[in-house]
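Undergrad: Please see the structure below; I have some questions.
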Amino acid sequence: MSQNAAVRRWTDIANPSRFLALADTVLPWLSTAAGLVLAVGLVMAFAAPEDYQQGSTVRIMYIHVPFAWLSMFCYAMMAGSALGTLVWRHPLADVSLKAAAPIGAVFTALALATGSIWGKPMWGTWWVWDARLTSVFVLFLMYLGIIALTRALDDPGRAARAAAILTLVGFINIPIIKFSVDWWNTLHQPASVFRLDGPTIHPSLLWPLLICALGFTFLFLALHLMAMRAEIWRRRVIAMRRLSARAAEAGPAAEHRA
Amino acid sequence: MLALYLREAKLGIRSGSGALTGVLFFLAVVAVIPFGVGPDLNFLARIGPAILWIGALLASLLGLERLFQADREDGTLDLLLMADSRHMVALTVLSKCLAHWTTGVLPLVLIAPLLGLFMNVPLPGLAAATLTLLVGTPAITFIGAVGAALTAALPRGGLLVSVLILPLTIPVLIFGVSATRGAVAEPDPFLPPFLILTALTLFFAVIGCAAAAFALRGAAE
């Protein structure tokens, strides 16, 4: 029964107007939540104790780690949308994929940039070709490839299917990124938050990090909803333009015939 | 499947230009390197296998855009897709890939030892580079089939194919080069990266063909 209701709600959202209405009600709340949580998280980050070795630069962690998590989260969501496009043919799945790709690319670029800024004082170099950095860089390239592919094909349906297939093939990279620090002995430190034996990071540093991550997740979801809304509007405008052009073309001909 | 393979291979050999252009491109890439990094023979010997791999990777990307485009233009692709009930599309893609590899990429592998001599690569390195290229380049073709299928409908998909599939070919490059280095430099092992390279080829033979078949069917609708 409850499953039926859930399925119905899921298909209801497939209607773009309903989705737009939902997005309009959710967005202000989500944006406010993102702003508030981020503000709290940043204040906590600056109140948190400094690392005894790294000093103040450890605070880069509070934005670097959320960006890196979200870059993977965004790709996982795009892979889910790709499945939605190919398997269930959910009409909004391809809008979601197309809207998420640029945001994911920006988050990945920011993760790379903040990591690089953090790496310069700590490791003594802007960049090393170790497994984690290289695989994230590959992720960034794949985001750009998906964006290029969606922009290259004119027909939205065809572009959606092509991008979905590419996204699913590229999903192989996500487990490689996640486990690269465990499989290879790299300069990048191994996982310290999500571990089977509990986080190895001190609670005084962990809490600001988690709150920052939550704030950035809200920010990502808000941006994603906004981009999806813009994409739906864009498609409507294109459809309306086509209709009006067809009407304008048919108009004089009909008069002529009369 | 065999008939399709023979047809594709014959077409590839008769047109001939693709393989020749690829070999020339490979030659040009390798010839440019000493000008870029300087003609120090010891240094060239050290980076030689990697240069061979990069050159072969780039050269094998060249002909990929034509993999499905020619068939799409003259309608053969639609016939192949409609014969889905008798021959699975994935198998059709597989045989096309194999034919493309034989006519377009195999010459690159064969000429690699000669180019390696230019780079002063020692004999075991040459053998290892050729062997890893022989095993690893099919993976590049299978990955490339996905890109070629996705962009088959585009008039100018060539550059896009390369941009789409280069990130995915990086693992192949990593393990190919590390296996080659393992054969030359003493502490590094040869067999583990070589086996992973083989696994990658087999893995992409399945994933690449299935995804390319899916993409082709999607584009034809």
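Undergrad: What are the residues in the range A:161-175 that are buried (at least 16 other Cβ atoms within 10 Å of the Cβ), at the interface with chain B (Cβ under 9 Å from one of its Cβ atoms) and not charged (D, E, K, R), if any?
TA: So in the range A:161-175, the residues buried (at least 16 other Cβ atoms within 10 Å of the Cβ) come out as A:161-171, A:173-174.
From what's left, at the interface with chain B (Cβ under 9 Å from one of its Cβ atoms): A:161-166, A:168-170, A:173.
Hits for the range A:161-175 are A:A162, A:A163, A:A164, A:I165, A:L166, A:L168, A:V169, A:G170, A:N173.
Undergrad: Please indicate, with yes or no, whether at least one residue in the range A:71-87 is without any contact (Cβ under 8 Å) to a residue 24 or more places away in the chain and either out of contact with any Ser or Thr (no Cβ under 8 Å at 6 or more places or on another chain) or more than 30 Å from A:R229 (Cβ to Cβ) (or both).
TA: yes
Undergrad: In this structure, does B:A152 turn out to be out of contact with any strand residue (DSSP E or B) (no Cβ under 6 Å at 6 or more places or on another chain), of a type in the set (A, V, I, L, M), in a loop (DSSP other than H, G, I, E, B) and closer than 12 Å to B:R66 by Cα? I'd like the intermediate steps shown before the answer.
TA: Values: out of contact with any strand residue (DSSP E or B) (no Cβ under 6 Å at 6 or more places or on another chain): yes; of a type in the set (A, V, I, L, M): yes; in a loop (DSSP other than H, G, I, E, B): yes; closer than 12 Å to B:R66 by Cα: yes.
Answer is yes for this residue.
Undergrad: Here's another thing I want to ask about it. Could we say that B:L44 is assigned to a helix (DSSP H, G or I), over 29 Å from B:L150 (Cβ atoms) and at pLDDT 85 or above here?
TA: On the way: assigned to a helix (DSSP H, G or I): yes; over 29 Å from B:L150 (Cβ atoms): yes; at pLDDT 85 or above: no.
Answer is no for this residue.
Undergrad: What are the residue pairs meeting all of these: first residue in the range B:19-47, first residue touching a residue at least 40 places away in the same chain (Cβ under 8 Å) and farther than 21 Å from B:P122 by Cα, second residue hydroxyl-bearing (S, T, Y) and surrounded by 12 or more Cβ atoms within 10 Å (Cβ to Cβ), Cβ atoms under 6 Å, and 6 or more apart or on different chains?
TA: Filtered contacts from the range B:19-47: B:A19/B:T103.
Undergrad: Condition (residue is touching a residue at least 12 places away in the same chain (Cβ under 8 Å), within 13 Å of chain A (Cβ to nearest Cβ) and either more than 22 Å from A:A162 (Cβ to Cβ) or under 14 Å from the mean Cα position of the chain (by Cα) (or both)) applied to the range B:147-157: is it met by at least one residue? Working first, answer last.
TA: Taking the range B:147-157 first, the residues touching a residue at least 12 places away in the same chain (Cβ under 8 Å) are B:147-153, B:157.
After this cut, where a residue has to be within 13 Å of chain A (Cβ to nearest Cβ) as well, the list is B:147-153, B:157.
Going one step further and asking which of them are either more than 22 Å from A:A162 (Cβ to Cβ) or under 14 Å from the mean Cα position of the chain (by Cα) (or both), we end up with B:147-148.
Looking through the range B:147-157, at least one residue is touching a residue at least 12 places away in the same chain (Cβ under 8 Å), within 13 Å of chain A (Cβ to nearest Cβ) and either more than 22 Å from A:A162 (Cβ to Cβ) or under 14 Å from the mean Cα position of the chain (by Cα) (or both).
Undergrad: Looking at the range B:73-146, what helices (runs of 4 or more DSSP H) fall wholly within it and have at least 2 residues that are under 22 Å from the mean Cα position of the chain (by Cα) and at pLDDT 85 or above? Spell out how you get there, then give the answer.
TA: Working: elements: B:76-82, B:89-100, B:106-118.
The qualifying helices (runs of 4 or more DSSP H) are B:89-100, B:106-118.
Undergrad: Hey, among B:L57, B:L64, which residue is surrounded by 13 or more Cβ atoms within 10 Å (Cβ to Cβ), touching a Ser or Thr at 6+ places or on another chain (Cβ under 7 Å) and closer than 19 Å to B:A145 by Cα?
TA: On the way: B:L64 fails: touching a Ser or Thr at 6+ places or on another chain (Cβ under 7 Å).
Of B:L57, B:L64, the one residue that is surrounded by 13 or more Cβ atoms within 10 Å (Cβ to Cβ), touching a Ser or Thr at 6+ places or on another chain (Cβ under 7 Å) and closer than 19 Å to B:A145 by Cα is B:L57.
Undergrad: Go through the range B:185-220 and give me each residue that's at pLDDT below 80 and among the small types (G, A, S).
TA: Selection gives B:A185, B:G218, B:A219, B:A220.
Undergrad: Could I ask something else about it? Return only the number of the condition from (1) of a type in the set (A, V, I, L, M); (2) modelled with pLDDT under 80; (3) surrounded by 21 or more Cβ atoms within 10 Å (Cβ to Cβ) that B:L159 does not satisfy.
TA: Only one criterion in (1) of a type in the set (A, V, I, L, M); (2) modelled with pLDDT under 80; (3) surrounded by 21 or more Cβ atoms within 10 Å (Cβ to Cβ) is unmet by B:L159, namely (3).
Undergrad: Looking at A:A152, A:A113, A:A131, A:A148, which is the one that is within 10 Å of chain B (Cβ to nearest Cβ), closer than 30 Å to A:E50 by Cβ, of a type in the set (A, V, I, L, M) and surrounded by fewer than 22 Cβ atoms within 10 Å (Cβ to Cβ)? Can you show your working first?
TA: Details: A:A152 fails: closer than 30 Å to A:E50 by Cβ; A:A113 fails: within 10 Å of chain B (Cβ to nearest Cβ); A:A148 fails: closer than 30 Å to A:E50 by Cβ.
So the residue among A:A152, A:A113, A:A131, A:A148 that is within 10 Å of chain B (Cβ to nearest Cβ), closer than 30 Å to A:E50 by Cβ, of a type in the set (A, V, I, L, M) and surrounded by fewer than 22 Cβ atoms within 10 Å (Cβ to Cβ) is A:A131.
Undergrad: Can you name the residue in the range B:167-185 that is farther than 28 Å from A:I146 by Cβ and either among the β-branched types (V, I, T) or within 14 Å of chain A (Cβ to nearest Cβ) (or both) and, of all such residues, is surrounded by the most Cβ atoms within 10 Å (Cβ to Cβ)?
TA: Residues of the range B:167-185 farther than 28 Å from A:I146 by Cβ: B:178-185.
Narrowing the set further to residues that are either among the β-branched types (V, I, T) or within 14 Å of chain A (Cβ to nearest Cβ) (or both) leaves B:178, B:180, B:184.
Details: B:S178: 21, B:T180: 32, B:V184: 20.
Filtering first and then ranking leaves B:T180.
Undergrad: Tell me, which residue of the range A:116-128 that is of a type outside the set (F, W, Y) and closer than 22 Å to B:I174 by Cβ is nearest to the other protein chains (Cβ to nearest Cβ)? Talk me through it step by step, then tell me what you get.
TA: Just the residues of the range A:116-128 that are of a type outside the set (F, W, Y), to begin with: A:116-117, A:119-122, A:124-125, A:128.
From what is left, the residues that are closer than 22 Å to B:I174 by Cβ are A:116, A:119, A:125, A:128.
Numbers: A:S116: 19, A:G119: 21, A:T125: 20, A:V128: 15 Å.
Result: A:V128.
Undergrad: Next up: Could you tell me whether B:G208 is crowded, with 19+ Cβ neighbours inside 10 Å and away from every other protein chain (no Cβ under 12 Å)? Reasoning before the result, please.
TA: Values: crowded, with 19+ Cβ neighbours inside 10 Å: yes; away from every other protein chain (no Cβ under 12 Å): no.
The answer is no for B:G208.
Undergrad: Could you please let me know if B:G136 is small (G, A, S), more than 12 Å from every other protein chain (Cβ to nearest Cβ) and touching a Leu at 6+ places or on another chain (Cβ under 8 Å)?
TA: Numbers: small (G, A, S): yes; more than 12 Å from every other protein chain (Cβ to nearest Cβ): yes; touching a Leu at 6+ places or on another chain (Cβ under 8 Å): yes.
So B:G136 fits the description; yes.
Undergrad: Which one is nearest to the other protein chains (Cβ to nearest Cβ), of the residues in the range B:186-201 that are exposed (fewer than 13 other Cβ atoms within 10 Å of the Cβ) and of a type in the set (A, V, I, L, M)?
TA: Here the residue is B:A199.
Undergrad: Out of curiosity, is B:R66 out of contact with any Cys (no Cβ under 9 Å at 6 or more places or on another chain) and closer than 14 Å to B:T141 by Cα? Before the answer, list the steps.
TA: Values: out of contact with any Cys (no Cβ under 9 Å at 6 or more places or on another chain): yes; closer than 14 Å to B:T141 by Cα: yes.
So B:R66 passes the test.
The values are calculated or read from the model by the stated rules, or taken from the named source; none is laboratory data. All values derive from a computational prediction rather than experimental measurement. For neighbour counting, all protein chains shown are included, and Cβ atoms are generated from backbone atoms with ideal geometry for every residue, glycine included.
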